[in-house]
1. Taking amide H positions as placed in the peptide plane 1.01 Å from N, state which residues far from Gly235 in sequence (5 or more) or on other chains have amide H under 5 Å from it.
2. Taking K and R as +1 and D and E as -1, what net charge do the other residues with C-beta under 13 Å from the C-beta of His91 add up to?
3. I need the phi-derived Karplus couplings for region 217-230: 6.51 cos²θ - 1.76 cosθ + 1.60, θ = phi - 60°, integer Hz, Gly and Pro marked x.
4. So, in Å, what gap is there between the alpha-carbon centers of region 172-231 and region 1-61?
5. Need one word for region 1-121: rounded, prolate or oblate. Basis is the Cα gyration tensor (sqrt eigenvalues a ≥ b ≥ c); a/c below 1.5 gives rounded, then a/b vs b/c decides.
6. I'd like the antiparallel share, as a percent to the nearest 5, of DSSP beta bridges with both residues in region 184-253.
7. When the helix-only estimate is applied to the chain (DSSP H runs of n ≥ 4, each -39,500 (n - 2.57), divided by the residue count), what is the mean residue ellipticity at 222 nm, nearest 500 deg cm²/dmol?
8. At 0.36 nm per residue, and after removing the present C-alpha to C-alpha distance, how many nm does the segment from Glu246 to Thr142 gain when stretched out fully?
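The values are calculated or read from the model by the stated rules, or taken from the named source; none is laboratory data. The structure displayed is predicted, hence computed values, not measured ones. Don't worry about glycine lacking a Cβ; one is built from the backbone with ideal geometry, like all the others, and counts go over all protein chains shown. Remember, those area values only see protein heavy atoms, side chains included, never the ligands or the DNA or RNA. Shrake-Rupley method; radii C 1.70, N 1.55, O 1.52, S 1.80 Å.
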Amino acid sequence: MHDPSLSHLTGQDPELAGLVEAEARRQHDKIRLIASENYVSAAVLEATGSVLTNKYSEGYAGRRYYEGQQNIDPIETLAIERAKALFGAEHANVQPYSGSPANLAVYLAFAEPGDPVMGLSLPMGGHLTHGWSVSATGKWFTPVRYEVRADTGRIDMDQVRDLARKERPKVIWCGGTAIPRTIDFAAFAEIAREVGAVLAADIAHIAGLIAGGAHPSPVGHADVITTTTHKTLRGPRGAMILSTAEHAAAVDKAVFPGLQGGPHNHTTAGIAVALREAARPDFTDYAHLVVANAKALAEALLERGYDLISGGTDNHLILIDLTGKGVPGKPAAQALDRAGIELNHNAVPFDPRKPFDPSGLRLGTAAITTRGVTPDRMPRIAEWIDDIVRATARGEDQAEKEERRVAAEIRELLAGYPMPGWAPVP
Ligand code: DSN
């Protein structure tokens, strides 16, 4: 049963409807620990699946290139005002299609081709668009990369300062995709100010935690803030750029007409709904519970002898180095997926292995917290992870049996934790 029903899709395209239904069941039956994923509410699903997908709206409210914006303008304005209010920002642009286009807009607004730009190295937890070599941002600009410290696994702020003074980047990025610790936005801002760089905070992973008061905010420190809307913020797949009033015109011009055509109005509406949800007191509880769950899971993994980068977590994310466990990240992630625990293999800092077959696993608690799973369940989840990792290290036959057992136990557990937007047939 799909709620809302897929009756039209089932009638017209049963093959596709079957795949959607199968994906819903998959999401229902697994402990989803991919750190960048979540479950949106039924209200967000309705907004994103609405007739708003039919409309073109190039431009901004009151200044469009197409007629018929009587409803689109107020929808986009609602999303903008809610974003500004939620984060306390002076300006918001809700049109970027996703995180990478949002970050490209920052380059277009604040740098020229060839300029030095600085970000956390990808294998250390950064993002492709922070100047990594295979990304357009690493090809079209001159990347300067900072790292984490080998002894602490935390960002090396001395290196950030030294590199910034030496290379004078136009843009300094903070934030990334595999950072388990609190980002010191004030320290980054001080360095950016000293060298005359624009400080860009990419808060894609932690936006929901910031909105819910479970992580400090970059507002007041960063000149420009980019975020996807679908990770801890629990909205549809999309992105936003927040900035000071000073940079508003440059940001808007970079998004449209600089990079994009018409905004995806159905996504804008979904973002508006998610922002309203994130402004409610229960979202504050959610954000703190995400962190409490991650800390409890980290603690349980440490007790089982797992090597966690930086020794733990301050946010939703845990990065495990499996080197001492006798199995690399990729086969472990594949075995865990078969066993009903979905996560991704990930490079760890100073990883001697290749990015597509790295040493680590990345986990996050945003999605399971949305299902209502609480910290008291984390020791059991750590035990399941450990059972599968150890069985995988021991060999194939043993692993298959363990995978079947754990998958069945997980389905039984999750039956007690409803999933927004879908319910199994009773
Ligand atoms: N792909 C996202 C993540 O998983 O962190 C970042 O873009």
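1. Amide H to amide H, under 5 Å and 5 or more residues apart or across chains, Gly235 pairs with His230.
2. Values: positive: Lys84, Lys253; negative: Glu81, Glu90, Asp223, Glu246, Asp252.
Its environment carries a net charge of -3.
3. 8, x, 4, x, 10, 8, 6, 9, 10, 10, 7, 6, 10, 10
4. 30 Å
5. oblate
6. In region 184-253, approximately 60 percent of DSSP beta bridges are antiparallel ones.
7. Details: 16 runs with 183 residues, N = 426.
Taking each H run of at least 4 residues, the total per residue is -13000 deg cm²/dmol.
8. 34.9 nm
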